[in-house]
Structures are given as structure tokens and as C-alpha cells.
1. Given His211, His199, His203, which one is farther than 30 Å from Ala168 by Cβ and at pLDDT below 95?
2. Looking only at the stretch 304-332, count every residue that is in a helix (DSSP H, G or I), crowded, with 19+ Cβ neighbours inside 10 Å and more than 17 Å from the chain's Cα centre (by Cα) and tell me the total.
3. Kindly provide the set of residues from the stretch 39-72 that are away from the ligand (no atom under 12 Å from the Cβ), modelled with pLDDT of 90 or more and not hydrophobic (A, V, I, L, M, F, W, C), ordered by number.
4. How many residues does the stretch 285-312 hold that are among the acidic types (Asp, Glu) and out of contact with any Lys or Arg (no Cβ under 6 Å at 6 or more places or on another chain)?
5. Taking the stretch 158-169 only, how many residues are more than 14 Å from the ligand (Cβ to nearest atom) and either among the aromatic types (Phe, Trp, Tyr) or farther than 18 Å from Ala296 by Cβ (or both)?
6. Within the stretch 239-266, how many residues are within 16 Å of the ligand (Cβ to nearest atom) and either acidic (Asp, Glu) or farther than 27 Å from Asp356 by Cβ (or both)?
7. Pick from the stretch 208-238 the residues that are more than 15 Å from the ligand (Cβ to nearest atom) and assigned to a helix (DSSP H, G or I): which of them is farthest from Glu255 (Cα to Cα)?
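The values are calculated or read from the model by the stated rules, or taken from the named source; none is laboratory data. These figures come from a predicted structure and were not determined experimentally. Cβ placement follows ideal geometry from the backbone for every residue including glycine, while neighbour counts extend to all protein chains displayed. To get the accessible areas, we keep the full protein, side chains included, count just its heavy atoms, and leave off ligands, DNA and RNA. Shrake-Rupley method; radii C 1.70, N 1.55, O 1.52, S 1.80 Å.
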Amino acid sequence: MTRSDPLVAPSAEPADIAVVGGGPAGLTAAILFSSLGFSTTLVAPERHGEDFRTTALLGGSLDLVARLGLDRAIAERGAAIAVMRLVDDTGRLIRAPEAVFRAADIGRDAFGVNIANRDLVDLLEARAADGPRRIVGTVGEAVEIDADRVRLPLTGGGAITARLVVAADGRGSRLRRAAGIATREWSLPQSAIVFDLAHRRPHEGVSTEFHTRNGPFVLVPLPGGNRSSVVLIDRPAEIERLVGLTEPALAAEMERRSHSILGAMTPIGERRVWPLSSLVATVAGRRRIALIGETAHAFPPIGAQGLNLTLRDIARLASLVVAARAGGEDIGGARLLAAYDRRRRFDVASRAYGVDVVNRTLLSDLLPAQIFRAVGLHLATALPGFGRLLMRAGLGPRMSLPPAPGDDGGAAGGSGQTPNRVVGSSSWVTR
Ligand SMILES: Cc1cc2nc3c(=O)[nH]c(=O)nc-3n(C[C@H](O)[C@H](O)[C@H](O)COP(=O)(O)OP(=O)(O)OC[C@H]3O[C@@H](n4cnc5c(N)ncnc54)[C@H](O)[C@@H]3O)c2cc1C
């Protein structure tokens, strides 16, 4: 959050909804609830440091950003992804064939748009200036949950109350603890390094994922045609080695690992390391607190699933809350939270554990694991119908947006249709 943001004094007046956390999850949720006519307060500290990650917003996620009026700006600042290519670079005896998935094969110009997280958060913060009400600060430990509201103490003094709290305060969530929600967590023998690269040949909207013995190495298109974002997963010691390389040495390493598909390369800017682990909350909400984003689920960046899953959390929660309001029900009540948990359970579990299985089949030296992966990708390339099924599954299930205010539920998201065209994009190609 920028310094020019107004510091809103804490008030005793209860909000319908308090959103805690100012990452992409919290900002998106707060803007959506505010735009749906709920009195919404967003509590988040100042933004610290740069986030060098990028996010590929896929499929239905574009419906949600369109609802917030950000689709054009996101398309302008991002790069469209028209083709996804998976290359087995494990060097193992049993290898999968190269798989190329084209958005055109499922009737789309692009699978989605890849945008730098800092640009995405800038756009969301600018959009949030029209509402919700914002408090720059953090929620303290002594959260009190009553029969009809939650009281959130602010570390700078004062408190706010709300009927429903949307917890988007990240992996180590205080709000999740306050609700008494446990997590299943497991660590992974891997880290990720993230940085940007310039390259001589244009990417032409192709995202390429090399599967190596220690994890994926992905080149995701950035705007302008000759830049990509690198997400490289490997053993922590190898990641430390890469971080310490000189620029020419890292450039040579990237060109070698990518088999020169994009020609000579130059790393740009800083390199960031992310230790990898996974986390899934045992329930998506209870005691007036609903979990979204990394507060509810976190896993390695494989298949660009994390934030896309989060946006589906937000759309589903908003739909349920709008329906509860229409039916005169309690928007933070146990019934609503149980329904939210039920409706999110399969999507969250299938993504979190699906990513884990893909990752483990890469790491495993066991023949059955290698055969499983190779056969899967072989079927995807040999059977067009199966390939299309996989592409649609990768884009995620339908985004269930609530009807916009004044809408009868038909047009604005109620149709569940994903706009095919990426508005204003200049860099997509359809092959
Ligand atoms: C290397 C890497 C690459 C990735 N690539 C992709 C991708 O291509 N596509 C994709 O969909 N996902 C991707 N992801 C996942 C995605 O980046 C994350 O899911 C997303 O950034 C998490 O956002 P969030 O808002 O849930 O959490 P965070 O960004 O962690 O936000 C948490 C917020 O809560 C605030 N907070 C914490 N405590 C309090 C408190 N007590 N009171 C108030 N506020 C508090 C923090 O200050 C912060 O603002 C990637 C992840 C990694 C690690």
C-alpha cells in the first residue's frame, strides 16, 4: 500500500465485511465485496519490498478481473500466453514426448495473461481507491469472536468489527489461528529462483516448461516479445549456486538449460529465492472467518495454479454472501461457511495434491512414476480429445461470479462464459 493512501481512523461502526491482508487475494476480495454494495474494510500494512514474481491469470480469472474493470489494463501490462509447451528434460530412460498445447485448439486466442505481481498489485491498489474503506495497519493477536460479529484489534490502537472476516493474511495467518483452523503442511526438498530474462529470439506467446529431475524450469512470456520470466525449481543447494553466479555465467546456464530455444540470454534485475512447501487448511472457514488465497492453500508454482485458485475462492465466497444477503441470512453464519467449505473442497484439494503428484513424479527415480507421467503426456499428444480435456482442466473450473448490482444474474458473470479474447493484448499469437 502506498504512502499516499488515506489512513482511515478505526471506528466502532461494524462493517459487513473486514478483509485482512493486502496481497493480490485481499485486495481483489475487498474490491469485489465493496463493488457488490457491502460495507467493506480492508486492513493491510504498507507494502514492503518488491515482489519479483509474475502471475499467469488463466481462463475464468480473466472474468473476475473484467468484473473489476481491470481486464484492459492487465492485458496492456501483461503478455498473452497462446501456447504452452512441456518438454521432458529428465534424461531418464522413460521419457514423455514433448507436448504442445495451443489455446486455438480449444477455441481461444490465449490461455491467459502473464503479468508482474508488482503491476497487478499496483492496478488493484489504484482500483481500491474507489472502495473499500482502508486501514493501513495490522490485526493484532486478541481477536474476539462473538455470536454476531468479530472484533479485530489493530496493532496501532483501536479495533474494528465485522459480521464476516475474509482472511487473506498469508501462509502464517493469524486469523486462521483465531478461527482455530488447523493445516496440513509438508515441506519439499526444493527451492525456486525467480528473475526476468531478455532473449534474442521472440517468445511468440509460448510458455515453455522443461521438466528436469529436480523440478520444472519455466520460461513465461513477458510483454514486448523478447523478455520472459524465469521460475526455476531445483535442490536448494543448486538454487543457491545459481543466485551466486555472475550475470554472464547465469546467462550461459539459462541458455544451456533452455537448449537455446530463445537464443542468447541476459538476466535482468534481481534474483529472488522461494523455499517451497505446501499447505492446505483443513476447513475453508469457521467462526465468522473465511479463508482465501495462501491463507487457505499454498503449493509450488507448477502449472500457474496458485492465484487462479484464489480468485475462484473469492468468486465463490462472494456468490454465497450475495445469496445470503438476498435471502436475509447471516452473511458470516455457520451455514454460509459450511457451504463455502463444501464448494471449495474439491477444487482446492485437486489442485494442491495434483501439483504435488506432478512434482513427485519428476523427483522420483521409480519406474512406475516415470511411466505414469510419460503415458499421461503421450495420451495428451496422441489423443486430441484428451489434450483438450487437459487444457480445460488446466484453466480451472467455471468461475462462479455473483451477479453485478442491478443485474438480473444473467449477463455479468452469471453466464459463466470466459471471454475468449484478451482485450488490448498486442503480443499474442495463434498458431
Ligand atoms: C515463485 C512463485 C511463482 C508463482 N507463480 C504463480 C503463477 O504463475 N500463477 C499463479 O496463479 N500463482 C503463482 N504463484 C502463487 C501466487 O504468487 C500466490 O498465491 C499469491 O501471490 C499469494 O497471494 P496472497 O494475497 O494470498 O498472499 P500474500 O501475497 O502473502 O499476502 C498476504 C498479505 O497479508 C498481510 N498480512 C499478514 N499478516 C497480517 C495481519 N496480521 N494484519 C493485516 N495484514 C496482514 C501481508 O502484509 C500481505 O499483504 C507463485 C508463487 C511463487 C512462490
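1. The match here is His211.
2. 5
3. Within the stretch 39-72, Ser39, Thr40, Asp63, Arg67, Gly69, Asp71, Arg72 meet the criteria.
4. Qualifying residue count for the region: 0.
5. 2
6. Total satisfying the criteria: 1.
7. Ala237
Results for (1) aliphatic (A, V, I, L, M); (2) in contact with a Leu (Cβ under 9 Å, 6 or more places away or on another chain); (3) more than 30 Å from Val348 (Cα to Cα); (4) buried (at least 21 other Cβ atoms within 10 Å of the Cβ), shown as yes or no for each residue.
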| residue | (1), (2), (3), (4) |
| --- | --- |
| Val218 | yes, yes, no, yes |
| Gly224 | no, no, yes, no |
| Val230 | yes, yes, no, yes |
| Asp234 | no, yes, no, yes |
| Leu250 | yes, yes, yes, yes |
| Gly263 | no, no, yes, no |
